[in-house]
Amino acid sequence: MPFHLTDEQELVRTSVREFADAEIAPLAATLDREHRPPLESIPKLADMGILGMTIPEQYGGSVSDYLSFIVALEEISRACASTGVMVEVHASLVSTSILHFGTEEQRQKYLPDMAAGKKIGAFCLTEPGAGSDAGALASTATKEDGHYVINGQKIFITNGSFAEVFIVMARTSDQPGTRGISAFLVDRGTPGMQIGEPEVKMGIRGSSTTPILFDQVRIPESALLGEEGHGFKIAMKGLDGGRTGIAAQALGIAQGAFDQARVYAMERVQFGQPIAKLQAIQWMIADMSVDLEAGRALVYQAADLEDRGQPFADAAAKAKLFCGPMATRVTHAAMQVFGGIGYTDAYPVERMYRDARITEIYEGTNEIQRLVIARSLLR
Ligand SMILES: Cc1cc2nc3c(=O)[nH]c(=O)nc-3n(C[C@H](O)[C@H](O)[C@H](O)COP(=O)(O)OP(=O)(O)OC[C@H]3O[C@@H](n4cnc5c(N)ncnc54)[C@H](O)[C@@H]3O)c2cc1C
């Protein structure tokens with residue numbers, strides 16, 4: 001049975017879809033071709049209230065329930081997956097971490113500007129030697145006369161080339177593994193912070209993904225986010241909600257490809273009839289539709305659990321584990337419906353096919369989602 005949205009949530013879908021069709025979709029091919037982040041969309045996303053959907057009004061946001069935010073993310077990603085991940089990292093990973101773990105002073109300092117799109121967030125966990133095994137990170141933050149000094153290297157940082165606020169995980173003690181990791185808020189331009197050249201990627205080419213070097217980066221003690229030694233917990237809490245966000249991104253990409261394929265199937269004539277009359281095509285369209293409905297149910301369920309204050313990590317991992325491969329399947333089938341023209345950049349389906357693949361990798365690979373799910377089943 002389909003998950004029913006409330007009237008308010010349906011309104012979010014309608015208004016964000018209209019906005020995304022008018023303002024986000026027309027830019028998507030150019031951003032992809034030019035490997036350029038959607039900077040011009042940031043003020044519009046802020047005006048629509050989308051950047052502030054996870055931020056309470058008292059901090060300048062337009063807070064909604066998490067499911068409404070997820071619906072908005074799905075609709076943005078349906079139009080442009082690169083814009084989708086920019087919003088997801090900013091609003092889900094970074095803003096919510098500051099809201100949940102920040103001091104009042106930190107919330108006041110960052111959240112109003114983040115809701116207004118004046119400061120975009122980035123989340124710096126991954127390192128060359130610490131990907132799936134994030135607890136193996138080696139960056140250090142050493143206390144020195146009222147300051148912390150950060151040294152280390154981060155890689156694959158989404159929004160890296162233009163973000164203004166970076167949550168950075170680094171070790172504050174010699175304790176092994178996940179213990180001894182702390183989280184810090186670092187402002188762009190802090191001396192010693194070197195943002196490298198963006199990676200050249202298969203898809204989401206409009207999303208900036210950079211390495212960042214921290215060389216004797218000195219920040220005040222007040223930049224500690226949460227308690228010392230709680231950084232891994234903060235990162236994992238952020239990633240739990242983030243996984244629902246990436247699942248919504250995957251769902252949006254798949255929905256976009258499906259919508260295009262359905263229309264094309266009814267227009268393209270071969271053997272004297274629209275290809276939609278061919279059973280082979282009908283079956284592809286039917287399978288895609290089942291995939292989308294199943295994925296949507298899992299994503300909305302995970303967001304709904306979070307809204308109701310219930311444990312949701314397992315549901316978020318299930319949603320991501322289903323929706324990542326589902327987006328790969330659906331975009332693959334959509335390209336098949338288009339035939340040869342689908343393999344060119346004449347239609348967005350080619351971009352969507354490339355964009356979908358990353359949703360099986362970042363914020364925890366498929367294999368890591370299976371570990372999370374199995375762990376909760378085999379306790
Ligand atoms: C475009 C992009 C954007 C990103 N954005 C960010 C960001 O903003 N911030 C950030 O911190 N990181 C970011 N990442 C990093 C991303 O989260 C990692 O790439 C991802 O978690 C996988 O880590 P890895 O690449 O080191 O792969 P590895 O951990 O080296 O994994 C390699 C393979 O081994 C498998 N594997 C590893 N461990 C296990 C295990 N225990 N059991 C079974 N299989 C296992 C993996 O599933 C995978 O198939 C981004 C990455 C990309 C490509």
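Radius of gyration over Kirkwood radius for region 186-254, both on Cα atoms: the Rg/Rh ratio is 1.05.
For the chain, the fraction of C-alpha pairs farther apart than 29 angstrom is 40 percent.
For region 76-124, the list of trypsin sites (Lys or Arg not before Pro) that fall in a loop by DSSP and count at most 16 other C-beta atoms within 10 angstrom reads Lys118. Separation of region 218-288 from region 112-187 is 26 Å, based on Cα centroids.
Taking every DSSP helix (H) stretch of at least 4 residues in the chain, weighting each as -39,500 (n - 2.57) and dividing the sum by the residue count yields a mean residue ellipticity at 222 nm of -15500 deg cm²/dmol. Accessible surface calculations at 1.4 Å, restricted to protein heavy atoms, place region 122-229 at 41 Å² per residue. Accessible area per residue for region 233-377 is 44 Å², calculated with a 1.4 Å probe on protein heavy atoms, without ligands, DNA or RNA. Say we join alpha carbon atoms closer than 10 Å with springs in a Gaussian network model of the chain; which of Val63, Val269, Val349 then has the biggest fluctuation? Of Val63, Val269, Val349, the most mobile in the Gaussian network model is Val269.
What are the semi-axes of the equivalent ellipsoid for region 81-125, taken as the square roots of 5 times the Cα gyration tensor eigenvalues, largest first, in whole Å?
Details: eigenvalues 69, 28, 10 Å².
Semi-axes from the Cα gyration tensor: 19, 12, 7 Å.
Let me test this: with uniform point scatterers at the alpha carbons of region 233-377, what is the Debye-based log₁₀ I(q)/I(0) at q = 0.10 1/Å? Per q value, in the given order, log10 I(q)/I(0) is -0.38. Scalar couplings 3J(HN,Hα) for region 316-327, obtained by applying the Karplus form with A = 6.51, B = -1.76, C = 1.60 to θ = phi - 60°, are 5, 5, 5, 4, 5, 5, 7, 6, x, x, 4, 5 Hz; x denotes Gly and Pro. Across region 295-303, rounded Karplus estimates of 3J(HN,Hα) from the backbone phi angles (6.51 cos²θ - 1.76 cosθ + 1.60, θ = phi - 60°) give x, 4, 4, 5, 5, 5, 5, 4, 5 Hz, Gly and Pro being marked x. Only Cα pairs under 8 Å and 6+ residues apart enter the sum, and on that basis the relative contact order of the chain stands at 17 percent. With respect to the chain, whose longest principal axis is taken over its alpha-carbon atoms, helix 366-377 is tilted by about 80°. When only the Cβ of Lys, Arg, Asp and Glu is charged (+1, +1, -1, -1), the dipole of region 26-78 relative to its Cα centre reaches about 160 debye. Placing +1 on each Lys and Arg Cβ and -1 on each Asp and Glu Cβ, with no other charges, gives region 7-120 a dipole about its Cα centre of roughly 420 debye. Relative to the longest principal axis of the Cα atoms of the chain, the long axis of helix 66-79 makes an angle of roughly 60 degrees.
The values are calculated or read from the model by the stated rules, or taken from the named source; none is laboratory data. From a predicted model like this one, the values you see are computed outputs, not experimental measurements. Glycine also receives a Cβ, built like all others from the backbone with ideal geometry; neighbour counts cover every protein chain displayed. For accessibility, only protein heavy atoms count, side chains too; no ligands or nucleic acids. Shrake-Rupley method; radii C 1.70, N 1.55, O 1.52, S 1.80 Å.
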